[in-house]
Number of protein chains: 4
Amino acid sequence: MPHSTAVFGAAGFTGALTARLLFRHPSFELRALTARSDVGRRLDDLYPHHRVPLTLEELDLDRHGDVEAAVVAYPHGAAAELVRDLRERGVRVVDLSADFRLRDPAVYELWYRKHPAPELLPDAVYGLPERYRDRIRKAHLVANPGCYPTATLLALGPLASEGLIEDVIVDAKSGVSGAGRAATEATHFVTVDENITPYGVPRHRHTPEIEQELGLLDPGGAELRITFTPHLLPLDQGELVSCYVTSNGALDEVDLDRLYADAYADEPFVELSTSPPGVRDVRETNICRISVHRDGHTGRAIVFAAIDNLWKGAASQAVQNLNLMFGLDEGEGIL
Amino acid sequence: MPHSTAVFGAAGFTGALTARLLFRHPSFELRALTARSDVGRRLDDLYPHHRVPLTLEELDLDRHGDVEAAVVAYPHGAAAELVRDLRERGVRVVDLSADFRLRDPAVYELWYRKHPAPELLPDAVYGLPERYRDRIRKAHLVANPGCYPTATLLALGPLASEGLIEDVIVDAKSGVSGAGRAATEATHFVTVDENITPYGVPRHRHTPEIEQELGLLDPGGAELRITFTPHLLPLDQGELVSCYVTSNGALDEVDLDRLYADAYADEPFVELSTSPPGVRDVRETNICRISVHRDGHTGRAIVFAAIDNLWKGAASQAVQNLNLMFGLDEGEGIL
Amino acid sequence: MPHSTAVFGAAGFTGALTARLLFRHPSFELRALTARSDVGRRLDDLYPHHRVPLTLEELDLDRHGDVEAAVVAYPHGAAAELVRDLRERGVRVVDLSADFRLRDPAVYELWYRKHPAPELLPDAVYGLPERYRDRIRKAHLVANPGCYPTATLLALGPLASEGLIEDVIVDAKSGVSGAGRAATEATHFVTVDENITPYGVPRHRHTPEIEQELGLLDPGGAELRITFTPHLLPLDQGELVSCYVTSNGALDEVDLDRLYADAYADEPFVELSTSPPGVRDVRETNICRISVHRDGHTGRAIVFAAIDNLWKGAASQAVQNLNLMFGLDEGEGIL
Amino acid sequence: MPHSTAVFGAAGFTGALTARLLFRHPSFELRALTARSDVGRRLDDLYPHHRVPLTLEELDLDRHGDVEAAVVAYPHGAAAELVRDLRERGVRVVDLSADFRLRDPAVYELWYRKHPAPELLPDAVYGLPERYRDRIRKAHLVANPGCYPTATLLALGPLASEGLIEDVIVDAKSGVSGAGRAATEATHFVTVDENITPYGVPRHRHTPEIEQELGLLDPGGAELRITFTPHLLPLDQGELVSCYVTSNGALDEVDLDRLYADAYADEPFVELSTSPPGVRDVRETNICRISVHRDGHTGRAIVFAAIDNLWKGAASQAVQNLNLMFGLDEGEGIL
């Protein structure tokens, strides 16, 4: 029998896509969609291409909280309270916001605000299946990674695990859907079209999330300070990270291709490529496509990773996590 | 000595471009920019590519009305009062809104609201230089044509003048800048990208403007009812009209190429082409590029016209009109 | 047990997509891909996003012809001979070219060349399931409709069946994938980007296919001469037809919404919309989304239809036809 | 009296744009266009938006070499011989290829082929006016910089001159026009649209040009090894370089804003911005727009520079150089 589920915050891009994936998922039954705007509209009116004939409702925990699984797609800072309410009712939650990604509430406070539910942090599992698969299987609260951290951590994981990153610069590029559905000057077609612009300079708030997870991977526990710079691209879905790794000679002896092949041999959603990936290669999939290159001239390693920011960077990775939490096949509903 | 001028409503796309053209115009001196939003910001902050180092100011007629020439770039309905105030001070005005384009205030009321300044209508000249050049030279108030009417009237003028249009369907396509600077769901990059959508169906409010002018051209004074359907394109600037003309046999004897060549032989800003024009051919120019074809299969004439909706469809045509009004060379500052 | 199948001409856009759909289809087993270029390359090297790990092979009928079902994705004119060879071996064929769409070989010769296999024409069924579903179920050779005819016939079918079309103009717009994979000046990014251009003027070779099928629908058997004008859009996949129907009064009494609702009540892949469809609504689906409008001003009906030119306009419609030919559920593998 | 001039290789993107700029230049008279393809076609047929009514001719040195100034827009490797022939006739030349940019013919041979005219290298001046203005004024042969080196050197010049670059990574992004007019799989619309792809990995051939000029700037003459990675963007014109500079503490004491303000105080075509530039800001201009940022977290400097690759990256910079060579105002014809 399918597990009952609901999406909270289904009017935005990631919530709506999660609704589409769960609506067609063989092992989940999508019971309700809540929203903070567009209440009363049908999702297939708002997003015809998702073809989900359900109506967006105002949040009513008594009715909507009576499910086995929830995906929360609220803005950063606004999600934590709802997650707590859902957890108190015993609902297993995947949270798409940043609220439970940072293990140290002091770091969270630095970038967002005082953490609204720090007591839940110890039980929250960082939802990158390629790294925390076993813990996700037993988790009741999964913090779905940010789109940039997803691509960056998959790109750098094999090097970080071997302690091979002395210094790294991540030049990231994302399509406009990453900026969300809000209509602003920044998302106006005429602003973006025929343009590329850096933003979040000099320090984007995804940086601490990446640094935290790279630090945890390092065998010596070294703290890493990274430079991370995102750019906005004239396309809707897709994200590429270009990672420049300095290692002061340590890389010279390493067979990079072998290192990555071994690391990802059994991963269903990581794909290695000899030539650099394009975001088109992974559009509307849960796949992260990676290539690794040695720059003999400088001794650096260059790693590229491409994902669909709405899929592997958010909604389909959330479903991947739900699959693990409910003991299902990891790829169910997202292949 | 250059003529003093000001742009009223310079924060929007067409007002800002007009400011750019006038700022570099040898025979005009751009004294002031007013705006209803973004007051206090510099135009080259808002639109770096226009490179106009002037600040947007709140309207103060005593200060800003003391110029020889004004371009008003207010929304339809909001322009008329300002135009009246400026005319009372003796300022010569080019108005970019629809407020003085329709000669019959009753038709205006049908599509907009009760006309705020009907007393000015008799003196307003419709600012299509290819048709009303002599009257524009003497005008004090010019109603700059809409972008769709500009392209459509230039496409159909030679046929209409000969009474050769029995029926016409205009399928129009425009880039997003035509929808203006307001950030809405309709102008969000993710809505427009990889998309094309008809809008304003079944009857767009540019229709009466086109019908009025086609009717005035017809030698027999026949009233024409046209079907006009615009579509939104994933590009920023550019407009194409595809006109399908039925004439019940009358066209068979006509040498279409000759007709158009004669009509536009001396026009500096109309360009004839044997193959269909693309909007890229006229990007950032005051040029309307036209091709005319006979469809032997059905007896129809098909006429295409491409313009840049912000240039010939608005700002550069406004400057073309100003040039005429002040006895300057028609192409000054817009070549 | 799945039916054995092969795609002939799998290096092009439509052949490759058909391969992707059949590779994942539960009731077909994709045995081979042949190609006329790129022989020896793997399809997932050429088109990573299709993820088909098969190699393109040179045609060898003895090996490749030993299948139950074939999809032929050869250019117009080049397909007919291969189709004949496959039919002689008893293979059931869906042909994506124009070679078997026109019932009269004289019309074919006018637009292409002398028909290479006229003896097969009587048995070929025009593969528009919404019209010829029963005949397709029994067919051994299906001529898959062109992308423009698919959208146009679904848009106009309900009116044509009632004899309500006196005259019709079809203004069509297509993304670049419709022009195929050949790298030419016309498909160069810099030619297409920020542009829209009419082509195939005054008469595109899809016109006779549309006229043939509209004529067959007409209850009085009236021959219709249509004006059909395609335009190239700056997007990859998607096609919109805007149809302007004149009916000299006959439409006034008709409830257009009811007519379309009745006509398509049971169609799994036709979707009606009250507002005009955008091509984004149907991207990567087998769905045709239609809206119908009355233009009270002129008495016309305006009908819009949007499809994905590579899916419903080619590959997924081919699979829809195969499903019918093999007695499977019509939507298997393409939902 | 205007100086006679010709463009050699005017069928490509940069040659054609140079022709447009020279055709309208008050102090040059464009006498001829030669081409290696499309001979006999008019340039305004090939590129309507340039509006140059001249015909492409096959090279005939006796006729075409009789000019005062020439711009050569041949491919790398093919330009050198023509440049020699023109120099022998006393023609002053701006060469858009890489053939005279690298001072050491051995380095040239490594990336291209044996240098065809090494005897001209000592007299060739690297055509970056912001650095070599005085030498360009006296030059008879100017090697116009590559588009990537132009942006990168303007971005890094102020730091390099102070010896502040220990290590630098340049992540570059370019529109498709940078790949030239050749229709290939890489420039097909469907390849580029909704995509971003790194290319030239791990080492692009613009790297030695950048390293040469950065090394010449360094006060200590230190050789620098840089990592330079270009990416292809879904837009036509525009180039952004994101430069990540490591300086091991030396930057901490530097007032970056002041450094750049001083360096570019008198430069007519360098524009400083406090927020990161977008390529749209400089579209169809000769301007390089730069922002510099301190990343306090890592101690790095981050510098962004945006240019139009066809303008400042090629054609308009060539005219800027011609203006200097002929003692004209530096901005004549390119403002």
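Descriptive notes on the structure:
- Residues satisfying the stated conditions in the range C:120-133, i.e. part of a helix (DSSP H, G or I), without any contact (Cβ under 8 Å) to a residue 24 or more places away in the chain and open to solvent by less than 100 Å² (accessible area, probe 1.4 Å): C:Leu121, C:Tyr132
- Every residue from the range C:248-281 that is within 13 Å of another protein chain (Cβ to nearest Cβ) and more than 23 Å from the chain's Cα centre (by Cα): C:Asn248, C:Leu251, C:Leu256, C:Thr274, C:Ser275
- Counting the residues of the range C:90-116 that are without any contact (Cβ under 8 Å) to a residue 24 or more places away in the chain and among the small types (Gly, Ala, Ser) gives 2.
- Close pairs (9 angstrom Cβ cut-off, 6 or more residues apart or separate chains): without any contact (Cβ under 8 Å) to a residue 24 or more places away in the chain in the range C:252-280, among the hydroxyl-bearing types (Ser, Thr, Tyr) and crowded, with 19+ Cβ neighbours inside 10 Å anywhere: C:Glu271/C:Tyr264; C:Leu272/C:Tyr260; C:Leu272/C:Tyr264; C:Leu272/C:Ser291; C:Ser273/C:Ser291; C:Thr274/C:Ser291; C:Ser275/B:Thr197; C:Ser275/C:Ser291
- Exactly one residue out of B:Val190, B:Val176 is at the interface with chain C (Cβ under 10 Å from one of its Cβ atoms), closer than 30 Å to C:Arg283 by Cα and out of contact with any Cys (no Cβ under 8 Å at 6 or more places or on another chain), and it is B:Val190.
- In the range C:279-309, the residue that is most open to solvent (accessible area, probe 1.4 Å) out of those that are of a type outside the set (D, E, K, R) and in contact with a Gly (Cβ under 8 Å, 6 or more places away or on another chain) is C:Gly299.
- Scan of the range B:149-173 for residues that are more than 14 Å from every other protein chain (Cβ to nearest Cβ), touching an Asp or Glu at 6+ places or on another chain (Cβ under 7 Å) and not small (Gly, Ala, Ser), ordered by number: B:Pro149, B:Leu153, B:Leu154
- Complete set of residues in the range B:22-40 that are farther than 21 Å from B:Ala79 by Cα and either open to solvent by less than 40 Å² (accessible area, probe 1.4 Å) or outside any helix (DSSP H, G or I) (or both): B:Arg24, B:His25, B:Pro26, B:Ser27, B:Phe28, B:Glu29, B:Gly40
- All positions within the range C:297-312 that are over 13 Å from the mean Cα position of the chain (by Cα) and more than 9 Å from chain B (Cβ to nearest Cβ): C:Ala301, C:Val303, C:Ala305
- Contact annotation: residue pairs with Cβ atoms under 6 Å, 6 or more positions apart or on different chains, pairing a residue in the range A:323-335 that is closer than 20 Å to C:Gly333 by Cα with a partner that is open to solvent by 40 Å² or more (accessible area, probe 1.4 Å), are A:Gly331/A:Pro268.
- Residue in the range C:82-102 that is touching a Gly at 6+ places or on another chain (Cβ under 7 Å) and under 19 Å from C:Arg181 (Cα atoms) present: yes
- Residue match in the range A:215-222 (condition: more than 30 Å from A:Pro268 (Cβ to Cβ) and within 11 Å of chain D (Cβ to nearest Cβ)): no
- Pair list, Cβ under 6 Å, 6 or more apart: the range B:229-240 residue at positive phi, other residue of a type in the set (A, V, I, L, M): B:Gly238/B:Val279
- Of the residues making up the range D:223-238, those that are out of contact with any Gly (no Cβ under 7 Å at 6 or more places or on another chain) and either more than 19 Å from D:Ile165 (Cβ to Cβ) or more than 12 Å from every other protein chain (Cβ to nearest Cβ) (or both) are D:His231, D:Leu232, D:Pro234.
The values are calculated or read from the model by the stated rules, or taken from the named source; none is laboratory data. None of the values given here were measured: they were computed from a predicted structure. Please note: Cβ atoms are built from the backbone with ideal geometry, for glycine as well, and neighbour counts cover all protein chains shown. Side chains are part of the model used for accessible areas, which takes the heavy atoms of the whole protein and leaves out ligands, DNA and RNA. Shrake-Rupley method; radii C 1.70, N 1.55, O 1.52, S 1.80 Å.
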